[in-house]
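Each value in this text was obtained by applying a stated rule to the coordinates, not by laboratory testing. Fair warning: this is a prediction, and the values are worked out from it, not measured in the lab. Glycine gets a Cβ as well: all are built from the backbone with ideal geometry, and neighbour counts include every protein chain shown.
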Amino acid sequence: MKKKKNIGIVAHDNRKKDIMEWVAFNWKELRQHDLICTGTTGKLVEDALKEKCEEHGEVPPTVTRLKSGPLGGDQQLGAMICEGKVDILIFFWDPMQPQPHDVDVKALLRITVLYNIPTASNRSTADFMVTSELFHEEYEPILKDYRSYITRDVDME
């Protein structure tokens, strides 16, 4: 992980207000990194950062917008994690609302664990993450070696 991180930001509909407040509060930390967002969240994040940065004469960060979560954005983000293109995930998900793409959400969270990606699912964890001294430093996560799983014998009977 380089100093300049690729940060995934996702928020379910009922958590978009929360993510916008968090982004506006942490704009100074986020502007130093590249952001990757799903659908509508990406537009909201882009607008909020642009406003804050212009207010203070700063350049807003790059925001890459993927598809909306239910239209494949969660899967796109998961694929980027597998390819080593995402370093951190901030995902404000709604535990009280069933999601039509719940299996995609579960798969995305599984991939973050599999690839040892720091993941915040609420504001407190996200606050701790962006205030960590590691947030702006190089960091080499320890990845589990899955070679024995990949090269295992498979019984084809």
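For the listed residue pairs LYS5/LYS43; LYS3/LYS67; LYS3/LYS50; LYS2/LYS43; LYS5/LYS50; LYS28/LYS85, the alpha carbons are over 24 angstrom apart in LYS3/LYS67; LYS2/LYS43. When the Cα centres of the stretch 106-134 and the stretch 52-66 are compared, how far apart do they sit, in Å? Going from one Cα centre to the other spans 22 Å. With a cut-off of at most 15 other beta carbons within 10 Å, and DSSP calling the residue loop, which trypsin sites (Lys or Arg not before Pro) in the stretch 1-88 qualify? Please list them. Filter output for the stretch 1-88: LYS2, LYS3, LYS4, LYS67, LYS85. For the stretch 1-104, the set of GluC sites (Glu not before Pro) satisfying both a DSSP loop assignment and a count of at most 10 other C-beta atoms within 10 Å is given as GLU83. The loop-placed trypsin sites (Lys or Arg not before Pro) in the stretch 98-152, going by DSSP, that have at most 13 neighbouring Cβ atoms within 10 Å of their Cβ come out as LYS144, ARG152.
For ARG147 and THR64, the FRET efficiency from 1/(1 + (r/R0)^6), where r spans their Cβ atoms and R0 equals 41 Å, is about 0.85. What the pair-distance distribution of the stretch 83-157 shows, using all Cα-Cα distances binned every 5 Å from zero, is 3, 11, 18, 19, 17, 12, 9, 6, 3, 1, 0 percent. Quick one: net charge of GLY39's neighbours, Cβ under 9 Å, K/R +1, D/E -1? Local net charge: +3.
Radius of gyration (Cα atoms) of the stretch 1-68, expressed as a multiple of 2.2 N^0.38 Å: 1.03. Considering only alpha-carbon pairs that sit under 8 angstrom and 6 or more positions apart, the relative contact order computed for the chain is 28 percent. Rounded to the nearest 10 degrees, the inclination of helix 73-82 to the longest alpha-carbon principal axis of the chain is 70 degrees. ASN116 sits among other residues whose Cβ lies under 11 Å from its own Cβ, and their net charge, with Lys and Arg +1 and Asp and Glu -1, is -1. Across the stretch 6-150 the C-alpha pair distances fall into 5 Å bins from zero in the proportions 2, 10, 20, 23, 21, 13, 7, 3, 1, 0, 0 percent.
Cα axis of helix 16-25 to longest principal axis of the chain: angle in degrees, 0 to 90, nearest 10? Between the helix axis and the principal axis of the chain, the angle is about 60 degrees. Of the residues SER68, GLY8, ALA48, the one whose Cα sits farthest towards the positive end of the charge dipole of the chain is ALA48 (charges of +1 on Lys and Arg Cβ, -1 on Asp and Glu Cβ, taken about the Cα centre). Site pair GLU140 and GLU29 shows an inter-label distance of 2.5 nm when each label is modelled 7 Å from Cα along Cα→Cβ.
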